[in-house]
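Below you'll find the structure, written out as structure tokens, and then a few comments.
Bear in mind that the values in this text are calculations on the coordinates, not laboratory data. Computed from a predicted model, the values in this text were never measured in an experiment. Cβ sites come from the backbone with ideal geometry, for glycine too, and all protein chains shown count toward neighbours.
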Amino acid sequence: MVSQKKYLSNKLANISKWYNEIVEKAGLAEHAPVKGCMIIKPYGYALWENTQNILDAWFKKDGVQNAYFPIFIPYSLLQKEKKHISGFSPELAIVTTAGGEKLAQPLVVRPTSETIMYQTFRNWISSYKDLPLKINQWCNVVRWEKRTYLFLRTSEFLWQEGHTVHKNDVEAREMVMKALMWYKDFYEKYLAISVFVGEKSASERFAGAKQTFAIELVIPTGKALQGATSHNLGQNFSKNFDITYTDEQNTIHNPFQTSWGISTRSIGGLILSHGDDNGLILPPKIAPLQVIIFPIYKNDDVINQTIDLQIKRIKTTLEKSGIRHSIDERRDKTIGFRISESEIRGIPIRIEIGPAEIEKKVIIISRRDTLEKQKISPDNAIEFINESMEKMQNDLLRRSYENKNRLTAEVESFEEFKTIMNTNRQFIRAFWCESATCEEKIKEITKASTRVCELNELEKKGDGLCIYCNNKAHRKWLFAQSY
RNA sequence: CGGGGAUUGGCGCAGCGGUAGCGCGCACGGUUCGGGACCGUGAGGCCGUCGGUUCAAAUCCGACAUCCCCGACCA
């Protein structure tokens, strides 16, 4: 059924080789001349545009407003929150010369915008009536990473950063969870990736945050990829940036803040999660192109015209149903080539119409994930396509959920922990006493760091024993090696 | 930033002191569309960058840049 000849690397045998091939051959992105920077090609950028459209609508519905702050941040401003600057300083890109002159004060290319936004928020907020303030920006940020991969970790990346200011802690906490759930829903309902959601340990917290919550992806090799974060900043920044508001009783307070973001890394996670040895697999809800139609022409004008007519009919119904589609009628490429190419690009649904289908009054519809072909009457095409896309979306999520569970082990002893990290390299769920020393030791020995304490574990007061030191531990944590 | 490998038409590679080659892709013409077609003709390269050695450098030496793999850092 499927061509025997293999043009792509085996995914699980060598995932990074496979990944690079897919990114290149599916036309998602390529390397730029600058270290760690990437050129996002139209097909890859379309995935980002879909991401933006989906999330942006949710944000706006909640009263979040988009704005734009500058890419340059005065170095002194970045230093205002001590933990913040010390966390980011190793990866800053700094401009020292501009307009042919050495700058009196160096400018940092934003690694994130807390500082430049909050010194402005100071002027925007004076009364409780100004709160909550909910600002988001879609932009690029620069973090000079030592080791880079296309989409997964690039020196410059695109993201969205939401920043909110609230009267009290309760409201801020609610916002943090709301943003976290947006990301969870986006990953699960749109990208069809089952994720872990929880809180980061103190050592993994965002520089300057009181609490950091994160979405963690389990990639097929058992390694971890942080997919999005939502931070409870408490009053750390409002105090350092002197943001205050006057309440109903005319007393002055520092407000409570949050920040949250998701980046183009999500596209990397998407590629890793669903592809196979034939290429990319895109869940229908995020796919730039949901349906591709292939005429199979013959050297016969009458037959070809009939095929074109049938395709036109289907195209019209697809348009009415708002299904993103295109027709690949290139005559200089054989049907075999065109099909393979569409599989590499991960297009969810493929329609083939040739002389045989015309004669039998059917069309062939095939799903990218299962590669199953079905003969369907053209009259039922739209229902069948919609149904197939829904099934595919659900199946991909279910498979992702199964994979996540298969790659997550519960262990009771550190011996077991070590064995797993030396062999299968999975996620591990285990009791941890929450001391930084144990965390560090575990990382030193197994290369595995804490990922999150899952939401349903957070309030637990279990009486377990720390996987490393055997002292009392109340909550189970997830551990994994990071990608 | 430490260790290892690499850099030659768009992609994959060969050449390793003396006239830059092959396969794929691309263009044109023709034959073929049912799972990566075939024949013919043709275009395309300061051999990653800068500097050295030499009568002569893709080839030898040095520095730098970028990529890949393995570590420490991270959305």
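Which whole-number percent is the relative contact order of the stretch A:121-243 (Cα, under 8 Å, 6+ apart)? Provide the component values of the computation, followed by the final result.
Values: 168 pairs, mean separation 24.7, N = 123.
For the stretch A:121-243, the relative contact order is 20 percent.
When A:Arg398, A:Arg265, A:Arg451 are ordered from fewest to most other Cβ atoms inside 10 Å of their Cβ, what list results?
Fewest-to-most Cβ neighbours within 10 Å comes out as A:Arg398, A:Arg265, A:Arg451.
Give me the net charge for the shell around A:Ser326: Cβ to Cβ below 13 angstrom, other residues only, Lys and Arg +1, Asp and Glu -1.
On the way: positive: A:Lys315, A:Arg324, A:Arg330, A:Arg338, A:Arg345, A:Arg350; negative: A:Glu319, A:Asp328, A:Glu329, A:Glu341.
Neighbourhood net charge equals +2.
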Quick check for me: using +1 on Lys/Arg Cβ and -1 on Asp/Glu Cβ, what's the dipole size of the stretch A:291-404 about its Cα centre, in debye to the nearest 20?
220 debye
With an 8 Å cut-off on Cα pairs and a minimum separation of 6 or more residues, tell me the relative contact order of chain A in percent.
14 percent
Note: A:Asn53 to A:Gln65 extended length (0.36 nm per residue) minus current alpha-carbon separation gives 2.9 nm
Furthest towards positive pole of dipole, A:Gly346, A:Gly336, A:Ala381, structure part the stretch A:291-404, Cβ charges:
A:Gly346
Relative contact order in percent for the stretch A:408-480 (Cα pairs under 8 Å, 6+ apart) equals 39 percent
At what distance in nm do the modelled label points of A:Asp332 and A:Thr408 sit from each other, each positioned 7 Å from its Cα along Cα→Cβ?
5.1 nm
Per-residue Cβ neighbour rank within 10 angstrom, fewest leading, A:Met389, A:Met181, A:Met38
A:Met181, A:Met389, A:Met38
Based on Cα positions only, what radius of gyration and what Dmax would you give for the stretch A:261-420, in angstroms?
19.5, 73
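Hey, what number do you get for chain A at 222 nm if only DSSP H runs of n ≥ 4 count, each worth -39500 (n - 2.57), divided across all residues, to the nearest 500? Provide the component values of the computation, followed by the final result.
Values: 14 runs with 167 residues, N = 483.
The per-residue figure over chain A is -10500 deg cm²/dmol.
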In this structure, among A:Lys418/A:Lys447; A:Lys298/A:Lys360; A:Lys35/A:Lys447; A:Lys60/A:Lys134, pairs with alpha-carbon gaps over 19 Å are A:Lys35/A:Lys447
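If the chain between A:Asp247 and A:Ser76 were fully stretched, how many nm would it gain, using 0.36 nm times the residue separation less the Cα-Cα distance? If you can, show how the numbers build up before the last one.
Numbers: separation 171, 0.36 × 171 = 61.56 nm, distance 3.06 nm.
Roughly 58.5 nm would be gained on extension.
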Quick one: of A:Lys83/A:Lys461; A:Lys178/A:Lys461; A:Lys404/A:Lys443; A:Lys189/A:Lys239, which pairs are farther than 27 Å apart, Cα to Cα?
A:Lys83/A:Lys461; A:Lys189/A:Lys239
What order do you get for A:His231, A:His325, A:His166 when you list them from fewest to most C-beta neighbours inside 10 Å?
A:His325, A:His166, A:His231
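What is the gain in length, in nm to one decimal, between A:Glu387 and A:Lys102 on full extension, counting 0.36 nm per residue of separation less the C-alpha to C-alpha distance? Write down the numbers at each step before the final one.
On the way: separation 285, 0.36 × 285 = 102.60 nm, distance 6.19 nm.
Difference between extended and current length: 96.4 nm.
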Please give every one of the lysines within straight-line cross-link reach of A:Lys41, meaning a C-alpha to C-alpha distance under 21 Å, and leave out same-chain neighbours fewer than 8 residues apart.
A:Lys17, A:Lys25, A:Lys285
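Can you compute the FRET efficiency between A:Lys35 and A:Lys418 using 1/(1 + (r/R0)^6), with r the Cβ-Cβ distance and R0 = 41 Å? Round to the nearest 0.05.
Working: r = 35 Å, r/R0 = 0.86.
Using R0 = 41 Å, I get an efficiency of 0.70.
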Compute the distance from the alpha-carbon center of the stretch A:174-241 to that of the stretch A:386-434, in whole Å.
18 Å
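Ratio of alpha-carbon Rg to the 2.2 N^0.38 Å globular estimate for the stretch A:408-480, to two decimals, please. Display every interim value, and only then the final one.
Values: Rg = 11.0 Å, N = 73, 2.2 N^0.38 = 11.2 Å.
Here the answer is 0.98, to two decimals.
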Cubic angstrom per residue, convex hull over Cα atoms of chain A:
178 Å³
In nm, spacing of pseudo-spin labels at A:Lys146 and A:Asn123 (7 Å Cα→C-beta vector):
4.0 nm
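Excluding the sites themselves, what is the longest stretch of chain A that contains no GluC sites (Glu not before Pro) in a DSSP loop with at most 11 other C-beta atoms within 10 Å? Each step should come with its number before you reach the end.
Values: sites that count: A:Glu248, A:Glu372, A:Glu459.
That would be A:1-247.
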Cα centroids of the stretch A:123-142 and the stretch A:264-330: how far apart, whole angstrom?
42 Å
